[in-house]
1. Could you go through the stretch 90-103 and let me know if any residue there is under 30 Å from residue 53 (Cα atoms) and among the hydrophobic types (A, V, I, L, M, F, W, C).
2. Out of 121, 45, 76, which single residue is in a helix (DSSP H, G or I), within 22 Å of the chain's Cα centre (by Cα) and either of a type in the set (Gly, Ala, Ser) or not assigned by TED's automatic domain parsing to the domain that holds residue 21 (or both)?
3. Can you name the residue in the stretch 79-99 that is among the small types (Gly, Ala, Ser) and assigned to a helix (DSSP H, G or I) and is also farthest from residue 9 (Cα to Cα) among such residues?
4. Before we move on, is residue 53 in a loop (DSSP other than H, G, I, E, B) and without any contact (Cβ under 8 Å) to a residue 60 or more places away in the chain?
5. Taking the conditions exactly as written (of a type in the set (Phe, Trp, Tyr) and touching a helix residue (DSSP H, G or I) at 6+ places or on another chain (Cβ under 8 Å)), does residue 45 satisfy them or not?
6. Looking at (1) at pLDDT 95 or above; (2) of a type outside the set (A, V, I, L, M, F, W, C); (3) over 11 Å from the mean Cα position of the chain (by Cα), which is the one condition that is false for residue 56?
7. Please verify whether residue 66 is assigned by TED's automatic domain parsing to the domain that holds residue 12, part of a helix (DSSP H, G or I), acidic (Asp, Glu) and within 20 Å of residue 24 (Cα to Cα), treating the condition exactly as stated.
8. Residue pairs, Cβ under 6 Å, 6 or more apart or interchain, first in the stretch 57-70 and within 13 Å of residue 82 (Cα to Cα), second among the β-branched types (Val, Ile, Thr) and part of a helix (DSSP H, G or I). List them.
Amino acid sequence: MSLSKQISEHKEALQEIGRYISDYRGRRKLSLQHMGARVGVNPSYLRDVERGEKIPDDEFIRNLSENCGLDENYIYDCMGKAPLVAREELEHHSILQETLKEIGMSGFSEQIKEEIYRKFYFMAKMALVNIK
């Protein structure tokens, strides 16, 4: 992919995130000042993110999720990044790092890897249900 295409896609992603946040703010009839205070940022930072001129940082995204109910996963997906909670879990649990490294270096096809990840996902879901 050419650099100009990458830059164009990056700008589009930032604009999509900005629209998502701006639409939320508009539906709630919140001023930049009020929403900025709600999520702990300067109104000018919020305005720049809404315009697609700034990349939202992790703390801002988490605050949007926790204080406004916006979908953190959607924002990270637009950015092409793993959600913060996933990165935090990976950083704090060496067994998870080792497991992913082993799978990544296994030589398995993408289809087999996907099957392993899907099984892991369902095992985790079942464990969460049983613990609660």
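The values are calculated or read from the model by the stated rules, or taken from the named source; none is laboratory data. In this text the structure is predicted, and so the values were computed from the model without any measurement. Glycine also receives a Cβ, built like all others from the backbone with ideal geometry; neighbour counts cover every protein chain displayed.
1. Here is the first cut: in the stretch 90-103, the residues under 30 Å from residue 53 (Cα atoms) are 90-91.
Retained after the next criterion (residues that are among the hydrophobic types (A, V, I, L, M, F, W, C)): 90.
Within the stretch 90-103, one or more residues are under 30 Å from residue 53 (Cα atoms) and among the hydrophobic types (A, V, I, L, M, F, W, C).
2. On the way: 45 fails: either of a type in the set (Gly, Ala, Ser) or not assigned by TED's automatic domain parsing to the domain that holds residue 21 (or both); 76 fails: either of a type in the set (Gly, Ala, Ser) or not assigned by TED's automatic domain parsing to the domain that holds residue 21 (or both).
Answer to the check: 121.
3. To start, the set of residues in the stretch 79-99 that are among the small types (Gly, Ala, Ser) comprises 80, 82, 86, 94.
Keeping just the survivors that are assigned to a helix (DSSP H, G or I) gives 86, 94.
Working: 86: 24, 94: 34 Å.
Ranking the qualifying residues of the stretch 79-99, first place goes to 94.
4. Working: in a loop (DSSP other than H, G, I, E, B): yes; without any contact (Cβ under 8 Å) to a residue 60 or more places away in the chain: yes.
Taking the combined requirement at face value, the residue satisfies it.
5. Working: of a type in the set (Phe, Trp, Tyr): yes; touching a helix residue (DSSP H, G or I) at 6+ places or on another chain (Cβ under 8 Å): yes.
Here the answer is yes, as residue 45 does meet what is asked.
6. Result: residue 56 passes all but (3).
7. Numbers: assigned by TED's automatic domain parsing to the domain that holds residue 12: yes; part of a helix (DSSP H, G or I): yes; acidic (Asp, Glu): yes; within 20 Å of residue 24 (Cα to Cα): yes.
Here the answer is yes, as residue 66 does meet what is asked.
8. 61/75
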